[in-house]
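Written below as structure tokens is the structure these notes are about.
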Amino acid sequence: MKELLSPQNIDYMERAREVAEKHVRPAAAELDRTGEYGWDILEALKSYGLTGIWIPKEYGGQSAGVLDLCLVVEQLSRACGGVGVAYAVNALGSFPIILGGTEEQKQKYLPPIAAGDQLIAFGLSEKASGSDAGSLRTTALKHGDHYVVNGAKKWNTNGGVASVFTVYALTEPDKGMRGISAFIVERDTPGFVVGKREETMGIRTVPVNELEFHDCRVPADALMGHTEGGGFRNAMMTLDRARPGVAAQGLGLAQGAFEWAMRYVSERRQFGQTVLSFQAIQFMLADMATQIEAARHLVYTSARLIDAGATNISKLAAMAKVFATDTAMRVTTDAVQLFGGYGYCRDYPIEKYMRDAKITQIYEGTNQVQRLVIGRALTREYKGISKELDVRIEHFPEFEGGGE
């Protein structure tokens, strides 16, 4: 696959792989057990020049593309899915500022994120509005030179360690999703509380918290782009841009689990031969490897499309996310099966891959929602070619009549 990557792509990938092998893999089991954040890993990412690579150079980043981001996430996730998302969520949190912030907002918030000195989180989901993001209920009402925010956010990945939060709230509640605006909220803002941490099944090294707003007074210049009503569009653009990163997390988890499975079946002996010698096992491994490679090409292609400046990216980004994360769940589950009883024990690394993989099918848009996105895109595309099909159908009258 390296033959299809640029020297810059390979450089990012190899640096990330070195961090993963030297710093992430040795710590993964302990971070999963304790739920502690990998601060030492963050320092390693800084020293390897990998923090905030997606941020433009004029704001302290490296102007790396989404493909470069995916390559880093994939390598980190090969060693630990939790570390992969801990890295990727900083892109999710900062993309709204890159896409919709004012020059002053970009200059203020992006450089410390690029340097790895501050972490950022993304506050969209609520208890009653997960997949239905347009039905959120948190409000931000204008009072003089401030907005007063009331409500709560759910599933805030990175919430316990972030210094800055991009938060979506209703500035005009009677307008529904057209009344949603985006804000940049600092952690020490009065009335803002980082609440309960969730006890998650996987990705345990990254904290997932509730966010609470109790008459929280946010200065008017914290309004993203200084424009009300553009929050929903900003959020959807952000998710389209970030979904290949979640897909890359799934891809890395699948690749990492596959590598462990290959090692195990090549060493484990049954009936006088290695488990790898059995055709049934080879067929399982062949399917796993094929699914991983297909996912890799779809993830990389969707990232390249974004980097090329394409505007209609929703369908391919959704395809990458749904296919790569479904692949992650299938491959990690099969890897547990290949380990037999040992795969069910925490003494071995493989069960963690399966736990980490499950969330990739859920967050940043469930895979059911991704299929809706794909289906609606296909419907729009069909309408565009239906007239052409109507012209051609006259040459196939049996098709028009259902083939009778």
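The values are calculated or read from the model by the stated rules, or taken from the named source; none is laboratory data. Computed from a predicted structure; not experimentally measured. We place every Cβ from the backbone using ideal geometry, glycine too, and count neighbours over all the protein chains shown. Only protein heavy atoms, including side chains, enter the accessible area calculation; ligands, DNA and RNA are left aside. Shrake-Rupley method; radii C 1.70, N 1.55, O 1.52, S 1.80 Å.
State whether one or more residues within region 135-150 are part of a helix (DSSP H, G or I) and over 23 Å from Tyr109 (Cα atoms). Within region 135-150, one or more residues are part of a helix (DSSP H, G or I) and over 23 Å from Tyr109 (Cα atoms). Of Glu351, Glu364, all but one fail to be open to solvent by 10 Å² or more (accessible area, probe 1.4 Å) and modelled with pLDDT under 95; the exception is Glu364. Which residues, counting only those in region 105-132, are among the hydrophobic types (A, V, I, L, M, F, W, C) and either closer than 21 Å to Asn209 by Cα or part of a loop (DSSP other than H, G, I, E, B) (or both)? Selection gives Ile113, Leu119, Ile120, Ala121, Phe122, Leu124, Ala128.
With respect to (1) in contact with a helix residue (DSSP H, G or I) (Cβ under 6 Å, 6 or more places away or on another chain); (2) more than 25 Å from Ala308 (Cα to Cα); (3) not hydroxyl-bearing (Ser, Thr, Tyr), the lone exception for Gly52 is condition (2).
Summed over region 143-185, the residues that are under 17 Å from Gly93 (Cβ atoms), touching a helix residue (DSSP H, G or I) at 6+ places or on another chain (Cβ under 9 Å) and open to solvent by 10 Å² or more (accessible area, probe 1.4 Å) give a count of 3.
Pairs please, first residue from region 29-58 and of a type in the set (Lys, Arg), second anywhere and open to solvent by 20 Å² or more (accessible area, probe 1.4 Å) and not in a helix (DSSP H, G or I), Cβ atoms under 7 Å, 6+ apart in sequence or on different chains. Once the first residue is of a type in the set (Lys, Arg) and sits in region 29-58, its partners that are open to solvent by 20 Å² or more (accessible area, probe 1.4 Å) and not in a helix (DSSP H, G or I) give Lys57/Ser63. All conditions in (1) open to solvent by less than 10 Å² (accessible area, probe 1.4 Å); (2) farther than 17 Å from Leu124 by Cβ; (3) touching a Lys or Arg at 6+ places or on another chain (Cβ under 6 Å); (4) aliphatic (A, V, I, L, M) hold for Ala254, with the sole exception of (3).
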